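What follows draws every value from the coordinates through simple rules; no lab data is involved. Just so it is clear, the structure is predicted and the values come from calculations on it, not from any experiment. Cβ: placed from backbone, ideal geometry, glycine included. Neighbour counts: every protein chain shown.
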Amino acid sequence: MTTTGVAAAPSRRRASAGPRRRRRREAALGYLLVLPAVAAFAIFVFYPFFNNFRLALYQTPPVPGLPSRYVGLHQAGHVLFSNAYGFPGSLLTTIVFVVLVVPVSLLIGLGLAVAAHRRLRGIGVYRMIFSSTVVSSVAVAALVFGTLMNPVVGFLPWLGINPTPPLLQNPTWALPAVAVMTIWQFLGLSFIIMSAGLQSLPDEILEAARIDGASAWTRFWRITVPMLSPTIFFALVVGTIYAFQSFGQIDILIPFRNLPANLHVNVLIYNVVNTLTQENNTGVAAVMSIALFVLTLLVTLLQMRFLESRVHYGR
Amino acid sequence: MAADRTTSAVAPETTRAAISSDARRARRSRRYRLTGSYTVLTVSAIVVVLPLYITVVNSLLKEDQIAHQPPPLFPFHPQWHNYSIAWTQGNLGFYIRNSLIMTVCIVIAQLVTSILAGYAFAFLRFPFRRTLFLVCLATLMIPFEVTFITNLTTVTSAGLFNTYAGLAVPFLATGFGIFLLRQAFLQIPKDLQEAALLDGYGHWRFMARVAVPLARPSVAALGVFAFLAAWNQYLWPLVATGGTTPLDTVQIGLKQLYGTQADQINVALAGAIIAFVPLLILLLIFQKQLVRSLTAGAVK
């Protein structure tokens, strides 16, 4: 890796080239190196993003093959403010889902991180176990929990928990059941983020509080949580976006084709995908996906504005 | 690593005056605390692992054992052929191959585009460098859930629907990777670059021989992260293959297995374990790199 070892002949070209020409060559190389990434972004991120706004203005024909009709903002208004495509319900379900998933998984992740923040023999094994759910895909998690919540196979009937209709077809319990699975799956990431935050904290303050006789409970709420607030804030944003994008587990566990109207699992992303792939309604799907984007953006910005003022950044 | 001062601070006192009752009490309370810690940790670990453990047990049961009440807690007659059924009849072998091809393509492409762009943003001067970097970062604000509608049309009209290329092509570059590697390259001292230039190194040679090797931890972190993200993808493989073809990835394959063979839950669960194990191995080997990439941005 040493650079002095290779004694190559000094570049004659470089010596003779004027500084302006050298600058131009450097700039050309710069553009060349950036080109692949920027081209990929242009085609697969920015173009589709802006195209969404165009698609939202056109009404998809009821029969494929016919040209789509320009309807301006009429379609967007119809989707957003009426119940024609279930958008208001989806929005509410999404928010409920976030509330069910995010706080619990952050708390458990933080609790596990605090428990594992010790120098004990074998602590590496525990850390590995707590992080392990991060590598589980939504499909794996769905199969694991789908079986656990199965009305015939799982442990639930044995424990006497056997609601009718079964858990995942139950209007009251379907969404919480999916939330439990999502919490488990997000636990690993929550733990990893919280652990990294804890490790960056100075131990002296906690130690001083301990010597002053503060209980573990007090130390946790009065010192660890406030000092960790930047990390918790980051995990909150990550977790919320993660919950917004939860699609696979619902898609696997609750088939769209026989989705009962009163089963409130139709989160926004689920609605977008099925409007596109099952009903082939590109225009409506585009409107709802823009809403999902705005929601994501809003949450990120709101959290930044309101939490950052209260977050403790001192080190 | 953060030491546990609560236990280590007590240790010197206990050794110095082991006879005094004070010290004995301290030692005893330390032992209680230690037992308490292990109890809490072990119980939590069991709760976290239990769903997976039950899955492994169920995947090894006979069909008629699965609905048995109370559910068996240990597979006394492990049915290993559930795994071979999942692999052959459940097409898991094909799905795993598809996932591997797609994942490796995405990982290599993301590493290359991120290294090139990250290098340019860190070492080269050119007009609009800052603007272009911000453009790359802006992609992080646009979730894939918003872009996949048009991407599906793009890929289909390019004739790439239900092909490996179509599976990989929307993920050739990543703003996160560019950011991560630019940061790593900026850590490299300026003197080193000047010395290399004096030795006649061009930018390509400096990148390959000095910059990338020095940024290896970040390159590895990005590689592991990209692998995890690509392997576990669900939405795009579902829509980009139609969700019912042999070109499905392992995640979509699990959906097929779970949906079509309702009476063979044990086989579907064997499939889930097969899909999970490669990533568990990845975690065991690359835990440090994975944690590094997942927490980039969490701790400043």
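Side notes on the structure shown:
- Sorting B:288, B:190, B:255 from the fewest to the most surrounding beta carbons within 10 angstrom yields B:190, B:288, B:255.
- Cα point-scatterer Debye curve for the protein assembly as shown, base-10 log of I(q)/I(0) at q = 0.06, 0.11, 0.12 Å⁻¹: -0.38, -1.18, -1.34
- Inter-part distance where the stretch A:216-259 and the stretch A:120-158 are each reduced to a Cα centre, Å: 17
- Remark: spin-label model distance residue B:32-residue A:207 equals 2.4 nm, labels positioned 7 Å along the Cα→Cβ axis.
- Each principal axis of the Cα atoms in chain A has its own extent, and those three values, largest first, are 80, 72, 39 angstrom.
- Charge-dipole axis of the protein assembly as shown as Lys and Arg at +1 and Asp and Glu at -1 on Cβ define it, positive-most pick from B:211, B:133, A:50: B:211
- For the stretch A:137-215, diffusion coefficient by Stokes-Einstein and Kirkwood Rh (Cα), 4 °C, 1.567 mPa s, µm²/s: 83
- Only DSSP H runs of four or more residues enter the estimate; each adds -39500 (n - 2.57), and after division by the residues of chain A the mean residue ellipticity at 222 nm equals -19000 deg cm²/dmol.
- For chain A, the membrane-span-like helices by this rule, meaning whole DSSP H stretches whose C-alpha atoms cover at least 20 Å of axis and whose Kyte-Doolittle mean is 1.0 or above, are A:87-115, A:174-199, A:229-244, A:282-302; this says nothing about an actual membrane.
- At most 14 other Cβ within 10 Å, DSSP loop - chymotrypsin sites (Phe, Trp or Tyr not before Pro), the stretch A:155-229: A:158
- Cα gyration tensor shape for the stretch A:165-313, rounded if a/c is under 1.5, else prolate or oblate: prolate
- In this entry, the stretch B:84-294 is assigned a mean projected area of 13.8 nm², taken as a quarter of its C-alpha convex hull surface.
- Evaluated at q = 0.13 Å⁻¹: base-10 log I(q)/I(0), Debye formula over Cα of the stretch B:108-184: -0.47
- Applying a DSSP loop filter and a limit of 16 other Cβ atoms within 10 Å to the trypsin sites (Lys or Arg not before Pro) in the stretch B:31-116 leaves B:62.
- Net charge of the neighbourhood of residue A:276, taken over other residues with C-beta under 14 Å away and scored Lys/Arg +1, Asp/Glu -1, is -3.
- Each of the peptides B:279-287, B:50-58 was scored by the mean count of other Cβ atoms within 10 Å over its residues; in descending order, highest first, they stand as B:50-58, B:279-287.
- Which of A:149, B:141 has the fewest Cβ neighbours within 10 Å, and the rest in rising order: B:141, A:149
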